1. Scan the range 26-49 for residues that are closer than 14 Å to Asn14 by Cβ and touching a Phe, Trp or Tyr at 6+ places or on another chain (Cβ under 6 Å) and report the count.
2. Does Thr49 satisfy being more than 16 Å from Ala84 (Cβ to Cβ) and of a type in the set (Ser, Thr, Tyr)?
Amino acid sequence: MPTIEVGRVCVKVNGRETGQKCIIVDVIDKNFVLVTGPQKISGVRRRRTNVKHLEPTEDSIDIKKGASDEDVAKAIGKGKKAEAFKEAVLPKQVLVPS
């Protein structure tokens, strides 16, 4: 299982941005992280999020801790993953059946 770390691509499973992909920019503590979309690319605003509301994926990008939205957008553009970020993931595809 992927870990919660800076640069990890995640999918939000709760809240108004459910199904949108985001990137972990900073780990605040064991329960909260700072994520961004950035909003121009995936529609996710930079905000503090509970780790229980995120589903980490296998993908990650190379960014430094506390990177700005512009730095994250450049890193996504280098990896040619910008188009994949714009597509929402349906909650049924995210949640693992029990």
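Every number here is computed from the coordinates shown, using simple stated rules; none is lab data. Everything numeric here is computed off the predicted structure, so don't read it as measured data. Quick reminder, even Gly has a Cβ in these numbers, built from the backbone with ideal geometry, and neighbours come from all protein chains shown.
1. Number satisfying all stated conditions: 1.
2. Values: more than 16 Å from Ala84 (Cβ to Cβ): yes; of a type in the set (Ser, Thr, Tyr): yes.
When the stated conditions are applied, Thr49 passes them.
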